[in-house]
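A quick write-up on the structure given underneath.
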Amino acid sequence: MSPLGSLRLVVSSLVLSILGLLGAGLWGARAHAQEINATQAALAMQQALVQVIAKGEKSVVAIARVKAGAGGEDLARGPEFNPFGPPRAALLGPGTPGEPTNPDFVPTRFGTGVIVDKNGLILTNYHVIDEDFLASENEVASQTSGDIYVWAMSWKTDPPKPGVYRARVKAADPRSDLAILQIRAEDLEPIKFAAMKDAERELKKGQIVVSLGNPYAIARDGSPSAAWGLVANVARKLGPQGEAGQMTKPTLQHCGLLIQTDAKLNLGTSGGALLNLKGEMIGLTTSAAAMSGYEQAAGYALPVDDTFRRVVETLMQGREVEYGFLGVTPRNLSIEERQQGLNGMVIAGVKEGTPAFGKLTSQDVVVAVNGKPIFDADGLVLNVGKLPVGEVVRLTLMGGKREVEVPLSKYPVRGRKIVTNPAPSWRGLRVDYPTAVESLIQNPPNRNQWRALLEGCVVVVDVSPDSPAADARMQKWMLVTHVDNVRVQTPAQFRDAVANKKGTVQLRLGSDGEELIKAIEAQ
């Protein structure tokens, strides 16, 4: 019987049990039937959970982070270091104390992951990887300050056998708190995502869920531990991070994205799977203990919605995740304003050179984003931030139900990103949206550069050494307004303008110097 069929049997049996209780005083035989029905209901529920766990555990792995020199040994690494090579224990000799292949090895930094591709791609939380283990931007994490290991059970053997793999970071995104690891493995069992668009509308409090994870690094044999519980709530927020006076909300889950569950999520279960009774993943678990530093009763999960799937697909390609950016400073309504009948949130300010400039003004009250009502500043940040760059967002303003459409630019993500498959460069030059560089928006440049931002341009974010762009003395953070005589306001427009150019190309700059034209020779 399927888990769903088992659940139906549970519900019908419980109804019969209640009816049996009501009439138990009339006939002893009916009381006996009620006892049988209650047992059947419990067994059916048990079987449903067993089937969900058996289906999901094949796609859940344990993760450990091991600093270089763990166990008192330090493996010298040169350019030939291979993140897909054998574990260090194999290089140092089998059974080396303190090594991941030793059965007695217990890591001090650990988490969980779920398999999202049969050829070795593992999804986990960004904070499971930890910035201490990340290389400089666009590099592979495990090539510097530590190793990342994955324990995965081989379920296709009889009996199943655990395996230990060294992993590399293929992509990592601090805004979503998601990362993709890669191991050298084949024929793995990918997790099945639930077909869910909006968790806030589609999930209900009281739904039964199952979590699979690696609490306290106990799943070092590759077999995850299970817990079960209910959906306690949806659209929950993590508390702000930082010290008093400098509190920030660095991720989207700080703005009201999370599923809350009472399923036990101890330290180490970050990056695990939250499943429905069909065995589908509805959320990636996030242990509150990992985020706060101590155990908490509440457990959370990132919902598997349209935004989640978009981010995961991008990371699986090794590419950078981009988020929509409006360019306003949001403010919550005061108690007095709410008592006057206002709803939504207030625009406290509009940043020049951003999409909102000229379309929104201070003191505008936004009540809906793409038709979805919002009630505070976090609601605006979340519903705009979930949208991709370039999408046109429809904002409903209080007063005559006026609507404003704004094409979104790129949000300046804070934190270290890992991008192993960056966008292609042109003649050694790579450009981006100016709004992706926070300093350009926060600290106004000189007048000519400011004019370029207002009228539209792209910003240089990388110049390769020994390239035509470097020979022309192009530098990082220069603003490009024209390719030859064609105005460029987005990276896509820049790529179109330079496509198929064979000779010298002139780039016009928004600059404070006298030289406003750079000639880029052909390669």
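The numbers here are math on the coordinates, done by the rules we state, and not lab data. Model, not experiment: these values are computed from the prediction. Neighbour counts are summed over all protein chains in view; Cβ atoms, including those assigned to glycine, are modelled from backbone coordinates with ideal geometry.
Go through LYS67/LYS410; LYS386/LYS502; LYS170/LYS501; LYS197/LYS249; LYS55/LYS372 and tell me which ones have a Cα-Cα distance over 29 Å in this structure. Check vs 29 Å cut-off fails for LYS67/LYS410; LYS386/LYS502; LYS170/LYS501; LYS55/LYS372. Using the Cβ atoms and a cut-off under 14 Å, what net charge is assigned to the surroundings of ALA377, where Lys and Arg are +1 and Asp and Glu are -1? Every neighbour counted, the sum reads 0. Summary value for the range 255-387: 20 percent relative contact order, contacts being C-alpha pairs under 8 angstrom separated by 6+ residues.
At a 10 Å Cβ-Cβ cut-off, how would you order GLU189, GLU99, GLU336, GLU200, fewest neighbours first?
Going from sparsest to densest Cβ surroundings: GLU336, GLU200, GLU189, GLU99.
Remark on VAL461: its backbone amide H falls under 5 Å from those of ARG430, VAL431, ASP432, TRP477, a criterion applied only to residues 5 or more positions apart or on other chains, H modelled at 1.01 Å from N.
Panel order for MET474, MET281, by other beta carbons found within 10 Å of each beta carbon, from fewest to most: MET474, MET281. Per-residue Cβ neighbour counts within 10 Å put ILE441, ILE191 in the sequence ILE441, ILE191, beginning with the fewest.
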